[in-house]
Amino acid sequence: LRRIMRRAMRHAHLLGAKDPVMHRLVPVLVRQMGQAYPELARAQMLIEETLRLEETRFKQTLDRGLSLLDAELEALEDGVALPGATAFKLYDTYGFPLDLTQDALRERARDVDVDGFAMAMAEQKAKARAAWAGSGETSDDRVWFDLADELESEFLGYETETAQAIVAALVVEGARVEGLQAGQQGWAVLNQTPFYAEAGGQVGDHGAISAVDTGAHAAVTDTRKFAGGRLSAHLVAAAAPLAVGDAVIAEVDRARRSAIRANHSATHLLHEALRRALGPHVAQRGSLNAPDRLRFDFVHTKAVEPAELTAVEHAVNAMVRQDSPVETRVMTPAEAEAEGARALFGEKYGDEVRVVSMGRAEDGVGPRGDVYSLELCGGTHVARTGEIGTFALVSETASSAGVRRIEAVTGAEALRLLRGRDMTLSAVEGLLKTQGTAVPDRVRALLEERRALQSEVADLKKKVALGGEAEAAARDVAGVPFLAQTLSGVSGKDLRGLIDAHKSRLGSGAILLIADTGGKAAVAAGVTQDLTGRISAVDLVRVAAETLGGKGGGGRPDMAQAGGADPSRATDAIAAAERLLAG
């Protein structure tokens, strides 16, 4: 889809469009096709913003790619095809796709070595596969697909957190084994299991399995799906020998599962609260439901305002206080869609889906009448919303272009967070000798006072630096008045202002200032405009920085700055600058 869009964007670019234009076509599309595809109208704002951002990014790619392509073509004889390796470099390094390279070259009667491009692509994939296999992530794929063809593991965790089971298979380092010795770790497949395998943002369960006959105990420290999600397995550390065929009792860590359930259910309520506060364009783009926190990524093109976040937090807690039942039903995807259940972008659903509903919409305008949240979800959830306890927002940040991220906590973690905030506020109140709503005003006043004092200190430092030995430091070097000075108690950012002051006082000359900034050196050079044709401040600052153990330095002929690692060599740096001036 991106390739199709970018081809259209390129033609708009060729027609002379300087600003993004594709998003301006969306209202026409909605008018023409909205009746047949009502989701266009529902997501119009999201579509427009996505197109605008994509075209803005692509115009940068296009300009950069075309200039690079021109540079590559200049080195080729007329009529010679662009090498495939070059086309792949444009694609892989600069994001310039092959079809756009071909379009651009077709207008110039040039071809691309497509076979060479394919070879470069295949070579990169081979390297990537080798690196991935070398990490151990895929080295045992075969054994899991073989097991998935042979075995099934029924999930019982929706109804129970304890179950009897048979050890159906054991896997250690990518190979099937018949048993685990005491102290050995491996993956166990049970014929039926209460442990939830990591999926849909919910982390895998922990717990224990115990042999019925011997009482041998094995801790379960992870639960995952293998073979493309077809088979669940549990990472176990055996305290005593454990063998294939053993009858075991499998028991989930109840406290951990309870905390995960609370965070997962809170995520559903948060999703709906965000939609109501920010608009129907809000859609989930990823989540994490762990025992200690939840994370929720969603489509939104700007930071959420503090007032909006407060409204969202209040809305979720209102649903928690309702203590309404959480209902789960199994139905076909078509039935779920007819009910108004929200499916998650990018998720694959089978012939049957679980539909989770929770909360009462007091205004009666939920996805199904008075239901507040209605989503397709395969995870585990609380029985009533009140089990979430308390919901508290931790942060709202950018996740990627057009995607925001909210982190939050529930239950005991939320209480710890809120209590910690109270203790911090109490400590601040004690330090400021003020309370409650007066704290922000007091802090603002202190910050303003600090800024004023910093300004006074900076002025005093400048006066000190400009006074005393400044007159004596100015001397003639090859006909150029040269003022060099080593300073202490002055920051690197103050040097520019001092350079300007010295220029004004000298009228004509070159200045070099070196400041010891606590074990590091800051160096700045300045040259008055009448002398920039003879000497550049960039050259002065670079030779001084090299002597000080630094590299480079940049700026303009009249003003440049750099840094160094050894301020003790300031005298040597000044001497190096003098030699440069002397020619």
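What is the dipole size for the range 292-417, taken about its Cα centre, with +1 at each Lys and Arg Cβ and -1 at each Asp and Glu Cβ, in debye to the nearest 20? The partial results should precede the final answer.
On the way: 14 positive and 21 negative charges, 55 e Å.
About 260 debye.
With only Lys, Arg, Asp and Glu charged, each at its Cβ (+1 for the first two, -1 for the last two), find how big the charge dipole of the chain is about the Cα centre; round to the nearest 20 debye.
For this selection, approximately 1980 debye.
Hey, if you put +1 on the Cβ of every Lys and Arg and -1 on every Asp and Glu Cβ in the chain, which of 389, 378, 249 ends up farthest toward the positive end of that dipole?
Value computed over the given set: 389.
On alpha carbon coordinates alone, what is the Rg over Rh value for the chain, Rh being the Kirkwood radius?
Details: Rg = 33.4 Å, Rh = 30.8 Å.
Computed over Cα atoms, the ratio is 1.09.
Which net charge results when you count Lys and Arg as +1 and Asp and Glu as -1 among the other residues whose beta-carbon is under 9 Å from that of residue 293?
Numbers: positive: 295; negative: 292, 407, 413.
Neighbour charge sum, excluding residue 293 itself: -2.
If you stretched the chain out fully between residue 292 and residue 431, how much longer would it get, using 0.36 nm times the residue separation minus the C-alpha to C-alpha distance?
Values: separation 139, 0.36 × 139 = 50.04 nm, distance 3.15 nm.
Taking residue 292 through residue 431 to full extension adds about 46.9 nm, to one decimal.
What area, in nm² and to one decimal, does the C-alpha convex hull of the range 14-109 cast on average over all directions? Please report the intermediate quantities before stating the final value.
Working: hull surface 31.0 nm².
Its Cα hull, projected and averaged over all orientations, spans 7.8 nm².
Amide H neighbours of residue 287 under 5 Å, counting only residues 5+ apart in sequence or on other chains, H built in-plane at 1.01 Å?
Correct list: 297.
Considering the options 399, 53, 555, tell which one lies farthest towards the positive end of the dipole of the chain, charges being +1 on Lys and Arg and -1 on Asp and Glu at the Cβ, about the Cα centre.
555
Could I have the simple spin-label model distance between residue 192 and residue 127, label points 7 Å from Cα toward Cβ, reported in nm to one decimal?
Label-label distance for residue 192 and residue 127, simple model: 5.2 nm.
If eta is 1.567 mPa s and T is 4 °C, what Stokes-Einstein diffusion coefficient results for the range 293-417, Kirkwood Rh from Cα pairs, in µm²/s?
Here the translational diffusion coefficient equals 82 µm²/s.
Within the set of other residues whose C-beta is less than 10 Å from the C-beta of residue 14, count the net charge using Lys and Arg as +1 and Asp and Glu as -1.
Numbers: positive: 10; negative: 103, 107.
Value of the local net charge: -1.
How would 226, 145, 195 line up by accessible area, probe 1.4 Å, largest first?
Largest to smallest exposure gives the sequence 145, 226, 195.
Can you tell me how much longer the chain between residue 556 and residue 418 gets when fully stretched, taken as 0.36 nm per residue apart minus their C-alpha distance, in nm with one decimal?
Gain on extension, residue 556 to residue 418, equals 44.5 nm.
For the range 272-342, what is the Kirkwood hydrodynamic radius in Å, using each pair of distinct C-alpha atoms?
Across the range 272-342, the inverse of the average 1/r is 14.4 Å.
Kindly state, to the nearest 0.05, the FRET efficiency for residue 164 paired with residue 63, given R0 = 60 Å and r defined as their beta-carbon distance.
Efficiency computed from Cβ-Cβ geometry: 0.35.
Among 80, 382, what's the order by accessible area (1.4 angstrom probe), most exposed first?
80, 382
By accessible area of protein heavy atoms, probe 1.4 Å, what ranking do 571, 532 get, highest first?
The ranking, largest first, comes out as 571, 532.
For residue 429, what accessible area in Å² do you get when you roll a 1.4 Å probe over the heavy atoms of the protein chains, rounding to the nearest 10?
Roll a 1.4 Å probe over it and residue 429 shows about 40 Å².
When all protein chains stay in place, what accessible area (Å², nearest 10, 1.4 Å probe) is found for residue 5?
About 40 Å², rounded to the nearest 10.
Among 443-452, 486-495, what's the highest-first ranking by average C-beta atoms within 10 angstrom per residue?
With the highest mean Cβ count within 10 Å placed first, the list reads 486-495, 443-452.
Taking θ as phi - 60°, what are the ³J(HN,Hα) couplings along the range 5-17 by the Karplus curve (6.51, -1.76, 1.60), each to the nearest whole Hz, with x for Gly and Pro?
The phi angles translate into 4, 5, 5, 5, 5, 5, 5, 4, 4, 5, 6, x, 5 Hz.
Taking Rh as the Kirkwood radius, which is the inverse of the mean 1/r over Cα pairs, what is the Rg/Rh value for the range 183-322?
1.13
Under a plain spin-label model, where a point goes 7 Å from the Cα along Cα-to-Cβ, how far apart in nm are residue 182 and residue 439?
It is 5.5 nm.
Going toward the positive end of the dipole of the chain, with +1 on Lys and Arg Cβ and -1 on Asp and Glu Cβ, which of 457, 165, 311 do you reach last?
The residue sitting most towards the positive pole is 457.
Please quote Rg/Rh for the range 141-253 to two decimal places, taking the Kirkwood radius as Rh and restricting both calculations to Cα atoms.
That ratio is 0.93, to two decimals.
Taking 0.36 nm per intervening residue step and subtracting the Cα-Cα distance, what contour gain separates residue 230 from residue 4 on full extension?
77.9 nm
Provide the per-residue ³J(HN,Hα) series for the range 30-37, in order, calculated from phi with Karplus coefficients 6.51, -1.76, 1.60 and θ = phi - 60°, each as a whole number of Hz, with x at glycine and proline positions.
3J(HN,Hα) across the range 30-37, in whole Hz: 5, 5, 6, 10, x, 5, 6, 10.
What does the charge count around residue 234 come to, taking other residues whose C-beta lies under 9 Å from its C-beta (Lys +1, Arg +1, Asp -1, Glu -1)?
-1
In the chain, what percent of the accessible surface is made up of carbon and sulfur (1.4 Å probe, ligands and nucleic acids excluded)?
Summing carbon and sulfur atoms, their accessible area is 52 percent of the total for the chain.
Nothing charged except the Cβ atoms of Lys and Arg (+1) and of Asp and Glu (-1): what's the magnitude of the dipole of the range 1-81 about its Cα centre? Round to the nearest 20 debye.
Numbers: 13 positive and 12 negative charges, 115 e Å.
It works out to roughly 560 debye.
How much accessible area per residue does the chain have, counting only protein heavy atoms and a probe of 1.4 Å, in square angstrom?
Roughly 52 Å² per residue, with all protein chains present.
The values are calculated or read from the model by the stated rules, or taken from the named source; none is laboratory data. Fair warning: this is a prediction, and the values are worked out from it, not measured in the lab. Methodologically, a virtual Cβ is constructed for each residue, glycine included, from the backbone with ideal geometry; neighbour enumeration extends over all protein chains shown. Note: accessible area is taken over every heavy atom of the protein model, side chains too, but ligands, DNA and RNA are not part of it. Shrake-Rupley method; radii C 1.70, N 1.55, O 1.52, S 1.80 Å.
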